[in-house]
1. Test Asp125 against the stated conditions and say whether it is more than 30 Å from Leu284 (Cβ to Cβ) and surrounded by fewer than 17 Cβ atoms within 10 Å (Cβ to Cβ).
2. Restricting to segment 163-179, and then to whatever is among the polar types (S, T, N, Q) and within 13 Å of ligand 1 (Cβ to nearest atom), can you tell me which residue is surrounded by the fewest Cβ atoms within 10 Å (Cβ to Cβ)?
3. Can you confirm whether Ser203 is within 17 Å of Gly24 (Cβ to Cβ), within 12 Å of ligand 2 (Cβ to nearest atom), surrounded by 18 or more Cβ atoms within 10 Å (Cβ to Cβ) and of a type outside the set (A, V, I, L, M)?
4. Test Ala293 against the stated conditions and say whether it is touching a His at 6+ places or on another chain (Cβ under 6 Å), at pLDDT 90 or above and farther than 22 Å from Pro15 by Cα.
5. Considering each of Gly24, Gly68 in turn, give the residue that is in the same structural domain as Asp241 (by TED's automatic domain parsing) and within 16 Å of ligand 2 (Cβ to nearest atom).
6. Of all residues in segment 84-126, how many are out of contact with any Asp or Glu (no Cβ under 8 Å at 6 or more places or on another chain), in contact (Cβ under 8 Å) with a residue 12 or more places away in the chain, more than 19 Å from Thr160 (Cβ to Cβ) and small (Gly, Ala, Ser)?
7. So, in segment 319-371, how many residues would count as being assigned to a helix (DSSP H, G or I), touching a residue at least 40 places away in the same chain (Cβ under 8 Å) and not small (Gly, Ala, Ser)?
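The values are calculated or read from the model by the stated rules, or taken from the named source; none is laboratory data. Computed from a predicted model, the values in this text were never measured in an experiment. For neighbour counting, all protein chains shown are included, and Cβ atoms are generated from backbone atoms with ideal geometry for every residue, glycine included. Accessible surface is based on the protein model in full, side chains and every heavy atom, while ligands, DNA and RNA are left aside. Shrake-Rupley method; radii C 1.70, N 1.55, O 1.52, S 1.80 Å.
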Amino acid sequence: MTIGKLKLDYPEWMPQDRPLLISGPCSAETEEQVLATAHGLKKAGNVDIFRAGIWKPRTRPNTFAGVGVVGLKWLQRVKKETGFLTAVEIANANHAYEALKHGIDVLWIGARTTVSPFAVQEIADALKGADIPVMVKNPINPDLQLWIGALERLNQAGITRLAAIHRGFSTTVTVPYRNQPKWRIPIELKRLIPEIPLICDPSHIAGKRELLEPVSQKALDLAMQGLMIETHPDPANALSDSAQQITPAELPKLIGSLTYRKPSGDSSAKANMLEVLRGEIDNLDQQLLEVLARRCQISTRIGEYKNNNNMTIFQVRRWEKVMENRIDDATGMGLSDKFVNEIFQAIHHHSIELQEKVMNLAKDGKSITSD
Ligand code: PEP
Ligand code: MN
């Protein structure tokens, strides 16, 4: 395993004393929109790299899938008129050839592509011998190995200027975010490959403008080295990701509201450790909630079974046994029996409520699980 043994060169565009800022529209839609965004960002200041999606991986067909190769020409105009470095997402070998042919400065691999080793290998093969930096977004599922694997495939094809972009993870659990941050995963990536620049994409984590600020601040507090933030001259009418984009004029206000602390120094090292520990707590709480949600679903099914078989909800022998076993297991894990007793009383009480609900619905000829 070559984890942590990538041959990396630090990308020359990473600033030394402040976070890197990448901005631009989710999608290039028209030449006017791309240029208006770029000139707006130039005026706003602080942006290092201009991004635009021209091949868009959309969840459903018959939605706007990007303008394709013509958008690369608009990016050439952006570079000429503003001096920005340009970046696009590539998802296959043909995208890679076209982006190289049009002199795009930085490429990135999107979350839906990082999940596929075949696609990443195809891109890595297409980029062999090319002297271009590549940023790799985390896969949509929380699989650190897939993320590392994509970086390794590119590195083995000779790409040494690599960066990682944390854009959150797809989830079925209701959370305030569009993509759950699971901060522990990018932190672990950085622990394994400390030399890699780690950039956060608060736009795709947040999914809505209001959350951009707290997500960006958290990323900076975790010592992430850059932000990728989507901007559009008219976010409400954007053809993709309309709820999460802000105008170029709003960007400096957002960036100005953030506190940038240096990663070195005693006090911030301590603060970082606190953030790391809090990140672990957030992650564990999320897991607890996911397990509780699954447990409730099973209680509902048990309620249906008992109803169909005319059994009482409360089965005293079973409950005594559950409590005995749980307390035994908990003691073995060094947990206080009082604490575990309280938690399981609450869990059991709710399970009974759920089963009562099932039986009451069944009386009216309804069911929770099948409609
Ligand atoms: C994007 O950056 O517009 C994009 C499609 O992002 P992701 O791959 O993170 O979903
Ligand atoms: Mn987007």
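1. Working: more than 30 Å from Leu284 (Cβ to Cβ): yes; surrounded by fewer than 17 Cβ atoms within 10 Å (Cβ to Cβ): yes.
So Asp125 passes the test.
2. So the residue we want is Ser170.
3. Yes.
4. Values: touching a His at 6+ places or on another chain (Cβ under 6 Å): no; at pLDDT 90 or above: yes; farther than 22 Å from Pro15 by Cα: yes.
So Ala293 fails the test.
5. Gly24
6. 4
7. Qualifying residue count for the region: 8.
Let's see how each residue does on (1) more than 14 Å from Ala238 (Cβ to Cβ); (2) surrounded by 24 or more Cβ atoms within 10 Å (Cβ to Cβ); (3) not hydroxyl-bearing (Ser, Thr, Tyr):
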{"position": "Leu8", "(1), (2), (3)": "yes, no, yes"}
{"position": "Glu12", "(1), (2), (3)": "yes, no, yes"}
{"position": "Thr30", "(1), (2), (3)": "no, no, no"}
{"position": "Ala38", "(1), (2), (3)": "yes, yes, yes"}
{"position": "Lys43", "(1), (2), (3)": "yes, no, yes"}
{"position": "Asp48", "(1), (2), (3)": "yes, no, yes"}
